[in-house]
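Here the structure comes first, spelled out in structure tokens, and everything after it is commentary.
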Amino acid sequence: YALIVFMALVSYGAVYILFGVQFKRPVLYGLLFFGWEKIVLALSGVLRKFSVIHYLLSAFPGDYLSRDLRAMRAENVSDLTAWIVLSTATVLFLCVAVLVFSSREYRFTK
């Protein structure tokens, strides 16, 4: 469980770091992304694969989930695929955040 929680923190952290360096009002975009993650749980089909929560639920052991989350768990994604997608997305978001941060000029006021 600790490994899954750690991966969730790192994955969501990478997304929110990218929002923080890319947008002028990152809290707004973070809240929109958080809403997207909640809405996509209710949807079925391919749209679910564009969310972090889809792969986190796939990697989590199904025996310990609540009945509602167990119904939303992706049955067609293996644990290995979920870990690969989460790791790749995390590295990708962090690399893009570093590139955006290094190409911007930030003003520091006193």
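The values are calculated or read from the model by the stated rules, or taken from the named source; none is laboratory data. Fair warning: this is a prediction, and the values are worked out from it, not measured in the lab. Ideal geometry is used to build each Cβ from the backbone, glycine not excepted, and the neighbour counts take in all protein chains shown. Heavy atoms of the whole protein, side chains included, go into the accessibility calculation; ligands, DNA and RNA do not. Shrake-Rupley method; radii C 1.70, N 1.55, O 1.52, S 1.80 Å.
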>> Residue pairs, Cβ under 7 Å, 6 or more apart or interchain, first in segment 1-21 and at pLDDT below 95, second surrounded by 19 or more Cβ atoms within 10 Å (Cβ to Cβ) and not in a helix (DSSP H, G or I). List them.
In response: 4/60
>> Looking at (1) over 13 Å from residue 87 (Cα atoms); (2) not in a loop (DSSP other than H, G, I, E, B), which one does residue 44 not meet, given that it meets all the others?
In response: (2)
> Within segment 93-110, which residues are in contact (Cβ under 8 Å) with a residue 60 or more places away in the chain and open to solvent by 100 Å² or more (accessible area, probe 1.4 Å)?
Replying inline: 101
> When you scan segment 14-27, how many residues do you find that are exposed (fewer than 15 other Cβ atoms within 10 Å of the Cβ) and touching a Phe, Trp or Tyr at 6+ places or on another chain (Cβ under 9 Å)?
Replying inline: 3
